[in-house]
Amino acid sequence: NDLTGFLLEKKTPWQYLCLPAIAESDESRALKSGGHYYRKQGDALHPERESLKQLDFVKSDLGSYVFAGQYQQQPAPEGESIVKRAWFNEYHEDGLPNFDLIIQSWDTAMTENESSDYSVGMTIGYIKDGYKNYYYILDVIRKKMEYPKLLHCIRSWIHKNNHHTHKKVIVEDIGSGKAIIQSLRNEGHNICAYKPTADKHTRLIAVTDILESGFVYLPKKAQWLDDFLLEVTRFPNAKHDDQVDALSQALNWLMSNYRVPVRVIRRPSILG
């Protein structure tokens, strides 16, 4: 543990003050000299010293994972988290196999017109090889979208992937997802409605054998990769969990509908 964590754990008479380099929410802090210090979500802590442009450069240089610990005061507690970074294998985009199925799993914002929540669409290629199952995360869309834009985004993916004979779109059947499912079905699209029967934690625990066995593959490089790993390895302590939900939803759905039984074995290396 670091010094801050050690002191807090020992319950010593220290007052904890967390000042992330980039505000993760609107802040209002009382000043000892009187008055308040205000900043909005996304504002730099001391722009004259380190501007947002400079901080973005540092983040791209260090990666989101390291930046979160060193600049945002939110290190990923890998010793306590459910998912470990080392569980994921890597693939090269120029060596992708032919998939038995391609799915896009959507965790949508809770309300139809809520622009402050994230909606996530995760595209996964699935291969069943004998008694082994492989899952390739091909793309992640994570945006704040109101209902019309969200509907258009999912519809566009369906049309873009019309050449794939075996494809599925899975949408969580709660919140704005209900309207998405109904609208796309009315257009003639075969949408799978996923109704979760357990909480977020339990749904992720249910697929840890897949993850721990090394059957989930990530690209060696991708624009979304650092943020994805940051959120997944910090769960359940991360501020957001929409990517975790999209992942566990996809794996649980595939496990129920396509997956053959799997046993924990040495991590496969089918890509060489």
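What the table below lists for this structure:
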quantity	calculated
Förster-model FRET efficiency, 30 Å R0, Ala198 and Lys84, C-beta, rounded to 0.05	0.85
For the chain, built as a Gaussian network whose Cα springs stay under 10 Å, the top-fluctuating residue of Ser248, Ser25, Ser156	Ser25
Proxy reagent accessibility, fewest Cβ within 10 Å first, across Thr202, Thr4	Thr202, Thr4
In degrees, nearest ten, helix 225-234 long axis to first principal axis of the chain (Cα)	70
C-alpha long axis of helix 242-257 to longest principal axis of the chain, angle in °	20
Residue pairs, from the table Lys143/Lys195; Lys11/Lys32; Lys195/Lys239; Lys143/Lys239; Lys200/Lys239, whose Cα atoms sit over 18 Å apart	Lys143/Lys195; Lys11/Lys32; Lys195/Lys239
For mean projected area of the Cα convex hull in nm², calculated from these coordinates, the label among (1) 14.3; (2) 21.0; (3) 17.9	(3)
Degrees, to the nearest 10: 147-160 long Cα axis against longest axis of the chain	40
Helix-only [θ]222 nm of the chain, DSSP H runs n ≥ 4, -39500 (n - 2.57) each, per residue, nearest 500	-9500 deg cm²/dmol
Least to most buried among Leu254, Leu184, Leu7 (fewest other Cβ within 10 Å first)	Leu7, Leu184, Leu254
Rough spin-label spacing in nm, given labels placed 7 Å along Cα→Cβ, for Gln223 and Tyr16	3.5
Stretchable slack from Arg155 to Asp56, in nm (0.36 nm times residue separation minus alpha-carbon distance)	32.4 nm
For Met122, Met145, Met110, order by how many other beta-carbon atoms lie within 10 Å, fewest first	Met110, Met145, Met122
Gyration tensor verdict on region 3-70 (Cα atoms; rounded if a/c is under 1.5, prolate if a/b is larger than b/c, oblate otherwise)	oblate
Length released on extending from Glu93 to Lys144, taking residue separation times 0.36 nm less the Cα-Cα span	15.6 nm
Residues with amide H under 5 Å from that of Gln74, placed H, sequence gap 5 or more	Gly69
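Here, each number is a calculation from the coordinates, and none is a lab measurement. Note that this is a predicted model, so its numbers are computed, not measured. Cβ coordinates were reconstructed from backbone atoms using ideal geometry, including for glycine residues, and neighbour counts include every protein chain displayed.
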